[in-house]
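Inspection log for the structure reproduced underneath, given as structure tokens.
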Amino acid sequence: MDANYLTSRSQRVNNSNLGTISLNYRQHLLPSSSGSTTPLPDWSPLSTPAWDLSSHTPLASHDDDGTPLDPLSSLNAKTLAPGTSCSTSQQSVQHLLLDSRLLGTQLKVMVNGGKYKQKELVASPVLVDGQLSICHTIYKTSEYLAPDWVSLKHPNPTCDNGLLVVIEGEHCGKYVRWLHHEYNNGKITMILAVVKRTAGAVDILTGEQLKLDAGYMCVGTEMKEERNQNDSVMQVLREQARKMCTK
């Protein structure tokens, strides 16, 4: 066989392989806001989660039927419902819940996708095989929620006595409770007390107070008894904040 023919065929095969490699590489890139492509970020935890790992075990939370659950910060893919998948290349890296500081929190969200249509669920950011994902647990079965399906349930800025979680900014991951609100340039700002959650006990006031827009928070979950107990603790602070705002 002619040597020139073999050389030319070999070059075509090599070029074809390079094209395949280039295509496979591009499939592992996501478009950035500028329109260019950048490699996927490393989703390993970057900062402290919502509970103090050195002093307390994670708080027990509850699924949709009220059964106490362990707020998992790490799941193995085998524990998730059959038929679910978690492809990082398909996740929206901008979603607020995909933040390692929120690991262990249980948050109320609205889900519109898959078998759900504008359904309120409790969701939690978890680590699955080293990747951050959003999961929902019901009857001890966990399933993935595509980030594009999930919208956050924000609090009522003028009156929300339940547990709240800061989901954005420098205070992300902190548990807070509403004290009062104030108006600044026509916008409502919530006055909040930062609390430390302890399993089976009333919240501990840290002494820190924040002023944030409602969009910086998501409604958390707690049992009715917990809410009633903490309302009693917060009553004095709420009265003090009300007096300050009416001066």
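Of note:
- Gly169 vs. criteria exposed (fewer than 13 other Cβ atoms within 10 Å of the Cβ) and touching a residue at least 12 places away in the same chain (Cβ under 8 Å): yes
- Among the residues of segment 202-212, the ones that are farther than 17 Å from Thr158 by Cβ, assigned to a strand (DSSP E or B) and not aliphatic (A, V, I, L, M) come to 4 in all.
- Output for segment 186-201, where each listed residue is assigned to a loop (DSSP other than H, G, I, E, B) and surrounded by fewer than 18 Cβ atoms within 10 Å (Cβ to Cβ): Gly186, Thr198, Ala199, Gly200, Ala201
- When residues in segment 101-122 are screened for being under 20 Å from Thr198 (Cα atoms) and small (Gly, Ala, Ser), 1 of them pass.
- Test for Ser87: is it over 23 Å from Leu192 (Cβ atoms), modelled with pLDDT under 85 and within 15 Å of the chain's Cα centre (by Cα): no
- Within segment 136-175, being closer than 16 Å to Asp213 by Cα and basic (Lys, Arg) holds for Lys153, Lys174.
- Taken over segment 190-228, residues that are of a type in the set (S, T, N, Q) and either more than 18 Å from Gln106 (Cβ to Cβ) or not assigned by TED's automatic domain parsing to the domain that holds Trp178 (or both) amount to 3.
- Of all residues in segment 90-138 being outside any strand (DSSP E or B) and of a type in the set (S, T, N, Q), the one that is surrounded by the most Cβ atoms within 10 Å (Cβ to Cβ): Thr105
- Taking the criterion of being outside any strand (DSSP E or B) and within 23 Å of Met244 (Cα to Cα), the residues of segment 161-179 that qualify are Asn161, Gly162.
The values are calculated or read from the model by the stated rules, or taken from the named source; none is laboratory data. Keep in mind it's a predicted model, so treat the numbers as computed, not measured. Positions of Cβ are backbone-derived with ideal geometry, glycine not excepted, and every protein chain shown enters the neighbour counts.
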